[in-house]
Amino acid sequence: MLEIVNLSVSIGDKQILHGINLNIPVGETHALFGPNGGGKTTLLGTIMGFPRYRITEGRLFFRGQDITDMPTDARARLGIGMSFQRPPAVRGVLTRDILQATVRQSGEDERQLSELASKLNLDELLDREVNHGFSGGEIKRSELLQLFAQAPRLVLLDEPESGVDLVAMALVGNVTNALLQKDLRRTRSRSGLIITHTGYILDYVSATKGYVLIEGRLISEGNALDVLDCIKRSGYEECISCRK
């Protein structure tokens, strides 16, 4: 689904990512751990094609196609979708309108989307401006609904548990699990890359592999839950000392 080859990225004159190599097969979800400022959001933003991230070396391939120089909107149409850690409010655009516009592009079932909005307790927010005045949990649930409308093949999630209270975490986790088709086995066609600090999302979503990104470098990888357990016990210093 996604292949990253020797990727280095700068913001302005500062290099953030150094020689990243990563491969996510079809149907697999991988988790990305690391301290703040390590480059995790930069990696997701680069995959999505945001202009502020300048690729200085390396290539990106999505389903075998080189997307390194492709603009963000083209990547979205190909099937890459992203949920932001701190998404902006969009004044003048209703949540319902952006969902309907997205469904027209993706061909998703609008009736099922309406049922999901009710499940996510978002019915009353559909006629409000996108994310404007929403709580942290409401924003996360709205972002999930928008991703369902887009029906991406590759799902990028930047700290999906951020701002979500413990009561709502189960709902967000279960819906994320459905978005990533974890209820399917042989017919699973979506892949995912999840940034997580707490690891709470992994109580609901099974991740095949975990990576640790520190100072812009992938320093270790392994079973996602094993990596998370090591971080909880010994911190990121242990990941550095047992670098693979």
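Computed quantities for the displayed model
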| quantity | calculated |
| --- | --- |
| Some residue of region 28-45 being assigned to a loop (DSSP other than H, G, I, E, B), closer than 25 Å to residue 178 by Cα and under 15 Å from the mean Cα position of the chain (by Cα) | yes |
| Residue match in region 131-142 (condition: of a type in the set (Asp, Glu), surrounded by fewer than 19 Cβ atoms within 10 Å (Cβ to Cβ) and closer than 23 Å to residue 200 by Cβ) | no |
| Unique match (being over 24 Å from residue 15 (Cβ atoms), of a type in the set (D, E, K, R) and either modelled with pLDDT of 90 or more or not in a helix (DSSP H, G or I) (or both)) among 86, 52, 77 | 77 |
| Qualifying residue in region 80-102 (condition: more than 24 Å from residue 190 (Cα to Cα) and crowded, with 18+ Cβ neighbours inside 10 Å) | yes |
| Pairs, first under 16 Å from residue 174 (Cα atoms) in region 191-204, second part of a helix (DSSP H, G or I) and among the charged types (D, E, K, R), C-beta under 8 Å, six or more apart | 199/232 |
| Tally, over region 50-59, of residues that are in contact (Cβ under 8 Å) with a residue 24 or more places away in the chain and surrounded by fewer than 16 Cβ atoms within 10 Å (Cβ to Cβ) | 5 |
| Boolean, residue 62 is closer than 24 Å to residue 196 by Cα, in contact (Cβ under 8 Å) with a residue 60 or more places away in the chain and out of contact with any Pro (no Cβ under 7 Å at 6 or more places or on another chain) | yes |
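Matching residues to (1) within 15 Å of residue 155 (Cβ to Cβ); (2) of a type outside the set (S, T, N, Q):
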position	(1), (2)
26	yes, yes
56	no, no
59	no, yes
68	no, no
72	no, no
90	no, yes
105	no, no
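Yes/no per residue for (1) in a loop (DSSP other than H, G, I, E, B); (2) hydrophobic (A, V, I, L, M, F, W, C):
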| residue | (1), (2) |
| --- | --- |
| 91 | no, no |
| 96 | no, no |
| 99 | no, yes |
| 104 | no, no |
| 108 | yes, no |
| 111 | no, no |
| 114 | no, no |
| 117 | no, yes |
| 127 | yes, no |
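The values are calculated or read from the model by the stated rules, or taken from the named source; none is laboratory data. Remember, it's a predicted structure, so these values are computed and weren't measured experimentally. Every residue, glycine as well, gets a Cβ built from its backbone with ideal geometry; the counts of neighbours run over all protein chains shown.
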